[in-house]
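The values are calculated or read from the model by the stated rules, or taken from the named source; none is laboratory data. In this text, all values refer to a predicted model and were calculated from it rather than measured experimentally. Counting neighbours? That spans all protein chains shown, and the Cβs are built from the backbone with ideal geometry, glycine included. When the accessible area is computed, the model is the full protein with side chains, heavy atoms only, and any ligands, DNA or RNA have been set aside. Shrake-Rupley method; radii C 1.70, N 1.55, O 1.52, S 1.80 Å.
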Amino acid sequence: MYDTITDVPGIRVGHYTDPDAVTGCTVVLALEGATAGVDVRGAAPGTRETDLLRPLNLVQEAHAVVLSGGSAYGLAAADGVMTWLEEQGVGYPVGVGVVPIVASAILFDLAIGDPSVRPRPEHGYQASASADSTAPIQGSIGAGTGATVGKALGQERAVKGGLGCASRRVGEYTVGALVSVNALGSIVNPDTGALIAGPRSTDDAEFLDTVDLLENVKIPVAASALQNTTLAVVATDAPLTKEQANKLAQMSHDGFALAIRPAHTMFDGDVVFALSTGKATPVPDVTPFGAAAARALSSAIIKAITHASGLGGVPSVSELVGATGGSSSGS
């Protein structure tokens, strides 16, 4: 076990990273197809093929999920994933070939690095071609390259976000999570209540609690606080129906609420995709898997922040030696 999403049989992960432009994309592949669901909770999403994953609709399985930087421009990365999958003969059979089912969601990272450079089809193709089932690198990589958190007081007071993974065991099955954390809110360790990251105080001596800041009406939310969205994929080898996969995605959002304070704001486009690679008779109850997925997702969020490296002038938690992790309601 790697304690990553690739612990789930049938799941591969690949990245494209541009550290100079500070952007990238991450591809989660299920080449044998995976029963898929999705739950969108943020109020500013940018997505592709999410309607197809809802229980009432025809297609039952997806072959890839793409998480990308570049705001809405980054949706183009999914085209390259489709091309690569088609070359492998992977997709929904349509009589004259296959149509790969590739769902995607994007996050806003244009305010860090070079905003004219965004993940393109060739970058999605590259991420797909490099994907494997080993432990993926975490931190400032792939869709987490340009991610930042704690932006209520502006990008100049933000802390570096990133990409993280974790996994849990539920009986004979595995549940894994992968997340790119690019949130308005502060990051909290749900096990201890410790504030891990948030808007930096003016002297970088501590992190501030975003909820406290929002409750102080004298401190307006900065315009750059609009530039958020946390994206996740949860996967399991427990066989699920499409309805259960959607419930798994829904329950997984609890992991956001555990570790991101606040989550699901008007300025975040938070999305969770769910994949089930199991092919046997569906389990009778998805509840244990949803509970485990939420816990794995909260752990992955913490790892995304602690593994991140500073980029684009935004420091990481590991670089802020003077930060105490204490909270305050002021600036």
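A single member of ALA103, ALA111 is within 30 Å of ALA259 (Cα to Cα) and assigned to a loop (DSSP other than H, G, I, E, B), and it is ALA111. Suppose we filter region 69-100 for residues that are assigned to a loop (DSSP other than H, G, I, E, B) and in contact with a Gly (Cβ under 6 Å, 6 or more places away or on another chain); how many remain? Here the count works out to 2. Counting the residues of region 83-98 that are open to solvent by less than 60 Å² (accessible area, probe 1.4 Å), under 25 Å from the mean Cα position of the chain (by Cα) and over 14 Å from ALA30 (Cβ atoms) gives 0. The residue pairs whose first member lies in region 50-74 and is within 15 Å of GLY144 (Cα to Cα), whose second member is among the basic types (Lys, Arg), and whose beta carbons are closer than 9 Å, counting only pairs six or more residues apart or on different chains, are VAL66/ARG48; SER68/ARG118; GLY69/ARG118; GLY70/ARG118; GLY70/ARG120; SER71/ARG118; GLY74/ARG118; GLY74/ARG120.
Any idea which residue in region 257-267 is surrounded by the most Cβ atoms within 10 Å (Cβ to Cβ), counting only those that are at pLDDT 95 or above, in contact with a helix residue (DSSP H, G or I) (Cβ under 7 Å, 6 or more places away or on another chain) and not in a strand (DSSP E or B)? Looking at residues that are at pLDDT 95 or above, in contact with a helix residue (DSSP H, G or I) (Cβ under 7 Å, 6 or more places away or on another chain) and not in a strand (DSSP E or B), I get ALA259. Scanning region 120-133 for residues that are within 16 Å of LEU29 (Cβ to Cβ) and in a loop (DSSP other than H, G, I, E, B) yields ALA131, SER133. When you scan region 317-330, do you find a residue that is open to solvent by less than 10 Å² (accessible area, probe 1.4 Å) and modelled with pLDDT of 95 or more, even just one? No, region 317-330 contains no residue that is open to solvent by less than 10 Å² (accessible area, probe 1.4 Å) and modelled with pLDDT of 95 or more. Among the residues making up region 217-249, those that are open to solvent by 50 Å² or more (accessible area, probe 1.4 Å) and at pLDDT below 90 are VAL217, LYS218, PRO220, VAL221, ALA223, LEU226. Condition test on ALA238, is it outside any strand (DSSP E or B), in contact with a strand residue (DSSP E or B) (Cβ under 8 Å, 6 or more places away or on another chain) and under 29 Å from LYS279 (Cβ atoms)? Judged against the criteria, ALA238 is a match. Here region 158-171 is the region considered, the condition is being over 9 Å from GLY144 (Cα atoms) and not in a strand (DSSP E or B), and the residue that is modelled with the lowest pLDDT is ALA158.
Pairing each residue of region 10-28 that is closer than 11 Å to VAL117 by Cα and buried (at least 24 other Cβ atoms within 10 Å of the Cβ) with any residue that is at pLDDT below 95 and hydrophobic (A, V, I, L, M, F, W, C), provided the two are 6+ apart or on different chains, yields C-beta distances under 7 Å for VAL22/ILE112. Against the test of being assigned to a helix (DSSP H, G or I) and aliphatic (A, V, I, L, M), the options LEU52, LEU58 yield a single qualifying residue, LEU52. Sort out which residues of region 45-54 are open to solvent by less than 50 Å² (accessible area, probe 1.4 Å) and either of a type in the set (A, V, I, L, M, F, W, C) or at pLDDT below 95 (or both), and write them in order of number. Result: GLY46, LEU52, LEU53. Just one residue in the set ARG169, ARG200, ARG157 is open to solvent by 10 Å² or more (accessible area, probe 1.4 Å) and farther than 24 Å from GLN227 by Cβ; that residue is ARG169. Selection within region 102-124: residues that are within 27 Å of VAL40 (Cβ to Cβ) and over 19 Å from the mean Cα position of the chain (by Cα). The member of this set that is most open to solvent (accessible area, probe 1.4 Å) is PRO115.
Right, ARG41: under 17 Å from GLN250 (Cα atoms), open to solvent by 10 Å² or more (accessible area, probe 1.4 Å), touching a Lys or Arg at 6+ places or on another chain (Cβ under 9 Å) and of a type in the set (Lys, Arg) or not? Judged against the criteria, ARG41 is not a match.
Residues in region 269-296 that are over 23 Å from LEU31 (Cα atoms) and under 12 Å from the mean Cα position of the chain (by Cα): GLY269, ASP270. Please specify each residue of region 172-183 satisfying the condition of being within 14 Å of the chain's Cα centre (by Cα) and either of a type in the set (Lys, Arg) or outside any strand (DSSP E or B) (or both). Passing the criteria: ASN182, ALA183.
Residues considered: ILE141, ILE137. Of these, the only one that is touching a residue at least 12 places away in the same chain (Cβ under 8 Å) and open to solvent by less than 40 Å² (accessible area, probe 1.4 Å) is ILE141. Criterion applied to ASP270, ASP254 was being open to solvent by less than 10 Å² (accessible area, probe 1.4 Å) and more than 22 Å from PRO9 (Cα to Cα), and the one residue passing it is ASP270.
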